[in-house]
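Novice: Pasting in a structure now, in structure tokens, and then I'll have a few things to ask.
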Amino acid sequence: MKNYILALSFLISYAVAAREVRSLDNRWEFTLTEAAIDGLADVESWRTVDVPHDWSIEGEFDRSNPAGQGGAYLPAGKGWYRKTIKADFGADERLFLEFDGVMACSSVFVNGKLAGYRPNGYVGFTYDITDLVSPGKDATIAVHVDNSVQPASRWYTGSGINRHVRLVSKSSCHIPMNGAFVSFNDGKIGIKTTVANMAQSSTKVSLQYILKDADGKTAARGNSPAIQIEAGSQTEVSGSIDIKTPHLWSIDKPYLYTLEVSVMDGRKELDKETVTTGLRTIRFDNEKGFFLNGQNIKMYGVCLHSDAGALGTAVPASVWEYRLQQLRKLGVNAIRMAHNPADPTLMDLCDRMGFLVMTESFDTWNTPKNHAEKGYNLYFDEWWEADTRAMVEQARNHPSVVIYSVGNEIRDNLNNEQGFDKYRKQQDMVHSLDNTRPVTMALFRPNSSGVYRNGFAEMMDVVGQNYRVDELKAYHDAHPEKAIIGTENTHDVQSWLMLRDDPSLSGQFLWAGIDYLGEAAWPQVMWSTSLLDVTGGVKPAGLQRASWWTKEPMVAFARHADNNGAGALVSDWTPADMDTYDQAVIEVYSNCQEVDVWINGEPQGRRPMPDNARPAVYNVNYNQGIISIRGYNDGVLVAKCDSVTVGDPTHIGIEKNGGKAGAGFDDVEILSVFIADAEGNICPNYDRTIELKVEGAQLIAVDNADVLAHDTSHKSSVFNTYQGRMTAYIRRTSATGKVTVTATDCSSAAALKGSATF
């Protein structure tokens, strides 16, 4: 028994990894006062915030703000964050601060001493703060954010520590941040691991690999040979393990494994990195396009920016998840992270939900762009290597990532050796860090820039072009040996037909998937040519896209808002002016063979869907009541949708659209608040100013789909509906318990009211 206890004690003492990860998201002090030198001064304006945090979205829209149309006319400026921590780490350990991103030009101080500076707001970074603190003592972390040099972006970036922060203690011999890289090919898992030895003497270690399936059971394991690492150096260790009958990651079944990579000193575990990944194979073919696990797949993609409207760029995971769910309903299976590395939270969701991803590094190299003259072009020469490395190391274990882009519509001269060299160096760096994925860039007017004639495009692993699909096709006709992809495309039928009918085209990414803040001329404050509005509501363009990209039988319709085919498309049967609206021109979207339209039970004609992918257009006499759309395959009814003429408003409806109940940052519930008739239908032509009161939860933000919505702060509890509805984001004050939301119409004496409990 004594021997057994000693043996058990030995196993326990060496089974626990030295690494400890602590979230630093909660309870930072924040101020916009510049007097907070090194973050240590006690100015009166310090207030408590949690991070991720975006201070710009808290401000007022103002046409005179320096960020201009790119920054959605919201304030930028300079800010300070500070937090006191306990520096708990052992004698043979190192202490690190890890940031997933800070927007922008961040300087991190520890106890008043500079730990590091990073201008790029989209990349993660880590600082070793061991020598700046005393073990067991309090330490003050201060982060200075300087986003005042404007205009710095063509779209809204937000300002502040807008991604997660961690404090990590590791053994002196450890795996650096994102230091393990997992690949898969022909039943073999390859593992490349960087091991750093920051001890005072050389260390002999080996690596232990344990692959666990989705149920946490060991699926494979292995070890590397022992290696000697000199003091103050690091080395890359290559290893592999075999796996029989692996579960492959795919769009329909995004199966994920976890790989534990442990640094072992004999039987003692010094450090352990846990990597979540998926096993799959990819291939870009010059004739047949993209292959996933040997299956030919078209990428039905959209471009996304990093904001979520009223939430700014500090976006909870539950909100991204809802947005991706809405896109998936329309048939979207691919996301281009435009034009920067995405929040790891969004990348994780793409893994889990089965989206293919193009991740991208830069919107500019050296040459600036309009409305962003003081952007990354100021930092490219000094920082492109570190930032490209950060992008690849953060992305390369994500099975969703299938291609890298190193530039979007770059305006540098690409018709000389300097332009060739800039691209070649970036592509070579990506290949050195990850040789399993190809590299592209989003070419801008390639015929004008000469890159289709001077040999530049031939350097690219996959040739990507924005818009002008006929030019891309002509290039491929002249260079059939090159794989091609549409990196950015319009919503037009011509672009879709090329993707549908040309097998060599790997995919396309529409601009854009969801409305986003910025890139709009006042009085508009957001881009609005998208499949979804900023709250996640489906637009008519999204309905048409669903008719092209979804497999399940569907029908939908939209009508021109004004009489006889005038006005924008809307998806309701309630004209704003009943007296003058007598001729309705409607578009029917469907992937069925035939469609049929009925109005109040009267048939309007059964028709085959056009072969040219356009909607079936009906010109009908408008009558109040019910419009019914039916879809048929082989004469069998397989899809239907109905819409009614709504009555006068009687109350305010409140419904949960999505999100997740909870009290953490990523736990946000998304509520639809709308003007409703007696039957609970949304009244699209009655807009009101509504006051919200929430019990049991915090009202995080409010929003609507209006591109002109800039008169009221998104943080206000009083906000306007647009086309009868608005969206409220709430976070519960505790993980359990009820939440009651009350809405009151502030617009009229006969106030509408509504409440709901969740």
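The values are calculated or read from the model by the stated rules, or taken from the named source; none is laboratory data. Not measured: the values here are computed from a predicted model. Positions of Cβ are generated from backbone atoms using ideal geometry, with glycine treated the same way; all protein chains shown enter the neighbour counts. The protein model used for the area step is the full one, side chains on, heavy atoms only, and it has no ligands, DNA or RNA in it. Shrake-Rupley method; radii C 1.70, N 1.55, O 1.52, S 1.80 Å.
Novice: Would you confirm whether or not the range 111-123 contains a residue that is without any contact (Cβ under 8 Å) to a residue 12 or more places away in the chain and in contact with a strand residue (DSSP E or B) (Cβ under 9 Å, 6 or more places away or on another chain)?
Specialist: yes
Novice: Does GLU393 meet the test of being acidic (Asp, Glu), under 28 Å from SER250 (Cα atoms) and surrounded by fewer than 23 Cβ atoms within 10 Å (Cβ to Cβ)?
Specialist: Criteria met by GLU393.
Novice: Out of VAL570, VAL585, which single residue is within 30 Å of VAL673 (Cα to Cα), open to solvent by less than 40 Å² (accessible area, probe 1.4 Å), within 37 Å of the chain's Cα centre (by Cα) and free of Cβ contacts under 8 Å to residues at least 40 places away in the same chain?
Specialist: Details: VAL570 fails: free of Cβ contacts under 8 Å to residues at least 40 places away in the same chain.
So the residue among VAL570, VAL585 that is within 30 Å of VAL673 (Cα to Cα), open to solvent by less than 40 Å² (accessible area, probe 1.4 Å), within 37 Å of the chain's Cα centre (by Cα) and free of Cβ contacts under 8 Å to residues at least 40 places away in the same chain is VAL585.
Novice: Inspect all residues belonging to the range 326-333 and state whether any of them is part of a helix (DSSP H, G or I), buried (at least 24 other Cβ atoms within 10 Å of the Cβ) and over 9 Å from the mean Cα position of the chain (by Cα). It would help to see each step written out before you state the result.
Specialist: Here is the first cut: in the range 326-333, the residues part of a helix (DSSP H, G or I) are 326-329.
From what is left, the residues that are buried (at least 24 other Cβ atoms within 10 Å of the Cβ) are 327.
Subsequent filtering for residues that are over 9 Å from the mean Cα position of the chain (by Cα) retains 327.
Taking every residue of the range 326-333 in turn, at least one turns out to be part of a helix (DSSP H, G or I), buried (at least 24 other Cβ atoms within 10 Å of the Cβ) and over 9 Å from the mean Cα position of the chain (by Cα).
Novice: Within the range 185-210, restricting attention to residues that are assigned to a strand (DSSP E or B) and more than 14 Å from PRO225 (Cα to Cα), which residue is most open to solvent (accessible area, probe 1.4 Å)? Steps first, please.
Specialist: Keep residues of the range 185-210 that are assigned to a strand (DSSP E or B), which gives 185, 188-197, 203-210.
Filter again for more than 14 Å from PRO225 (Cα to Cα), leaving 185, 188-190, 194, 196-197, 210.
Working: ASN185: 108, LYS188: 90, ILE189: 1, GLY190: 20, THR194: 28, ALA196: 8, ASN197: 1, ILE210: 21 Å².
Across the range 185-210, the extreme among qualifying residues is ASN185.
Novice: Of the conditions (1) within 30 Å of the chain's Cα centre (by Cα); (2) at pLDDT below 95, VAL673 satisfies every one except a single condition; which number is it?
Specialist: (2)
Novice: Can you confirm whether the range 517-537 contains a residue that is touching a strand residue (DSSP E or B) at 6+ places or on another chain (Cβ under 7 Å) and surrounded by fewer than 20 Cβ atoms within 10 Å (Cβ to Cβ)?
Specialist: no
Novice: Additional query: Please enumerate the residues belonging to the range 683-696 that are open to solvent by 40 Å² or more (accessible area, probe 1.4 Å), in contact (Cβ under 8 Å) with a residue 60 or more places away in the chain and of a type outside the set (D, E, K, R).
Specialist: ASN685
Novice: For the range 88-184, which fully contained strands (runs of 3 or more DSSP E) count at least 1 residues that are aromatic (Phe, Trp, Tyr)? Explain how you work it out, then say what you get.
Specialist: Details: elements: 93-99, 106-110, 113-118, 125-128, 138-147, 165-171.
The qualifying strands (runs of 3 or more DSSP E) are 93-99, 106-110, 113-118, 125-128.
Novice: Considering only residues of the range 722-747 that are touching a Ser or Thr at 6+ places or on another chain (Cβ under 8 Å) and of a type in the set (S, T, N, Q), which is nearest to ASP687 (Cα to Cα)?
Specialist: SER747
Novice: Among the residues of the range 452-499, write down those that are part of a loop (DSSP other than H, G, I, E, B), in contact with a Lys or Arg (Cβ under 9 Å, 6 or more places away or on another chain) and open to solvent by less than 40 Å² (accessible area, probe 1.4 Å). Talk me through it step by step, then tell me what you get.
Specialist: Quick first cut of the range 452-499, residues part of a loop (DSSP other than H, G, I, E, B) only: 452-455, 460-461, 467-468, 479-482, 490-492.
Filter again for in contact with a Lys or Arg (Cβ under 9 Å, 6 or more places away or on another chain), leaving 460-461, 467-468, 491.
Those that are part of a loop (DSSP other than H, G, I, E, B), in contact with a Lys or Arg (Cβ under 9 Å, 6 or more places away or on another chain) and open to solvent by less than 40 Å² (accessible area, probe 1.4 Å): MET460, HIS491.
Novice: ASP54: within 23 Å of the chain's Cα centre (by Cα), among the acidic types (Asp, Glu) and modelled with pLDDT of 85 or more, yes or no? Step through it out loud before you land on a result.
Specialist: Working: within 23 Å of the chain's Cα centre (by Cα): yes; among the acidic types (Asp, Glu): yes; modelled with pLDDT of 85 or more: yes.
In short, yes.
Novice: Can you work out which of the residues in the range 444-499 that are free of Cβ contacts under 8 Å to residues at least 40 places away in the same chain and among the acidic types (Asp, Glu) is nearest to ASN413 (Cα to Cα)?
Specialist: Out of the qualifying residues, it is GLU458.
Novice: Then there's this: Could we say that TYR73 is on the phi > 0 side of the Ramachandran plot, open to solvent by less than 30 Å² (accessible area, probe 1.4 Å) and of a type in the set (Ser, Thr, Tyr) here?
Specialist: Values: on the phi > 0 side of the Ramachandran plot: yes; open to solvent by less than 30 Å² (accessible area, probe 1.4 Å): yes; of a type in the set (Ser, Thr, Tyr): yes.
When the stated conditions are applied, TYR73 passes them.
Novice: Taking the criterion of being small (Gly, Ala, Ser), touching a Phe, Trp or Tyr at 6+ places or on another chain (Cβ under 8 Å) and within 20 Å of GLU269 (Cβ to Cβ), would at least one residue in the range 169-186 satisfy it?
Specialist: Step one: list which residues in the range 169-186 are small (Gly, Ala, Ser), which gives 169, 171-172, 179-180, 183.
Then drop every residue that is not touching a Phe, Trp or Tyr at 6+ places or on another chain (Cβ under 8 Å), which leaves 169.
Filter once more, so that each one left must be within 20 Å of GLU269 (Cβ to Cβ): 169.
Yes: the range 169-186 contains one or more residues that are small (Gly, Ala, Ser), touching a Phe, Trp or Tyr at 6+ places or on another chain (Cβ under 8 Å) and within 20 Å of GLU269 (Cβ to Cβ).
Novice: Here's something else I'd like to know. Which one is surrounded by the most Cβ atoms within 10 Å (Cβ to Cβ), of the residues in the range 418-447 that are charged (D, E, K, R) and part of a helix (DSSP H, G or I)? Before you say what the answer is, go through the steps one by one.
Specialist: Initially, the range 418-447 is screened for residues charged (D, E, K, R), giving 421-422, 424-425, 428, 434, 437, 445.
Narrowing further to those that are part of a helix (DSSP H, G or I): 421-422, 424-425, 428.
Values: ASP421: 10, LYS422: 21, ARG424: 13, LYS425: 14, ASP428: 11.
Ranking the candidates gives LYS422 first.
Novice: Next question, about the same structure. Suppose the filter is touching a His at 6+ places or on another chain (Cβ under 9 Å), within 30 Å of ARG545 (Cβ to Cβ) and of a type in the set (Lys, Arg); does LYS298 pass it?
Specialist: Values: touching a His at 6+ places or on another chain (Cβ under 9 Å): no; within 30 Å of ARG545 (Cβ to Cβ): yes; of a type in the set (Lys, Arg): yes.
Taking the combined requirement at face value, the residue does not satisfy it.
Novice: For LYS253, indicate whether it is farther than 18 Å from ALA180 by Cβ and either of a type in the set (Gly, Ala, Ser) or modelled with pLDDT of 95 or more (or both).
Specialist: Values: farther than 18 Å from ALA180 by Cβ: yes; either of a type in the set (Gly, Ala, Ser) or modelled with pLDDT of 95 or more (or both): yes.
When the stated conditions are applied, LYS253 passes them.
Novice: While we're looking at this one, here's another question. For the range 697-713, what are the residues that are under 17 Å from SER528 (Cβ atoms) and either surrounded by fewer than 22 Cβ atoms within 10 Å (Cβ to Cβ) or acidic (Asp, Glu) (or both)? Please lay out each step first, then the result.
Specialist: Kept after step one, since they are under 17 Å from SER528 (Cβ atoms), are these residues of the range 697-713: 703-710.
Result: ASP703, ASP706, VAL707, LEU708, HIS710.
This table checks each residue for (1) small (Gly, Ala, Ser); (2) free of Cβ contacts under 8 Å to residues at least 24 places away in the same chain; (3) open to solvent by 30 Å² or more (accessible area, probe 1.4 Å); (4) not in a loop (DSSP other than H, G, I, E, B).
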| site | (1), (2), (3), (4) |
| --- | --- |
| ILE251 | no, no, no, no |
| LEU259 | no, no, no, yes |
| SER262 | yes, no, no, yes |
| GLU269 | no, no, no, yes |
| THR274 | no, yes, yes, yes |
| ARG283 | no, yes, yes, yes |
| PHE290 | no, no, no, yes |
| ALA310 | yes, no, no, yes |
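Novice: Residues in the range 405-417 that are part of a loop (DSSP other than H, G, I, E, B), touching a Gly at 6+ places or on another chain (Cβ under 9 Å) and under 22 Å from ALA372 (Cβ atoms): how many? Break it down into steps so the answer makes sense when it comes.
Specialist: So in the range 405-417, the residues part of a loop (DSSP other than H, G, I, E, B) come out as 409-416.
Okay, now just the ones that are also touching a Gly at 6+ places or on another chain (Cβ under 9 Å), so 410, 412-415.
Of the ones still in play, those that are also under 22 Å from ALA372 (Cβ atoms) are 410, 412-414.
Of the residues in the range 405-417, 4 are part of a loop (DSSP other than H, G, I, E, B), touching a Gly at 6+ places or on another chain (Cβ under 9 Å) and under 22 Å from ALA372 (Cβ atoms).
Novice: So how many residues does the range 588-611 have that are modelled with pLDDT under 95 and either buried (at least 20 other Cβ atoms within 10 Å of the Cβ) or within 19 Å of PRO540 (Cα to Cα) (or both)?
Specialist: Count: 1.
Novice: Now, a different point. Which of the residues that make up the range 187-199 are farther than 18 Å from ALA395 by Cα and in contact (Cβ under 8 Å) with a residue 40 or more places away in the chain?
Specialist: Taking the range 187-199 first, the residues farther than 18 Å from ALA395 by Cα are 187-188, 195-199.
Those that are farther than 18 Å from ALA395 by Cα and in contact (Cβ under 8 Å) with a residue 40 or more places away in the chain: GLY187, LYS188, VAL195, MET198, ALA199.
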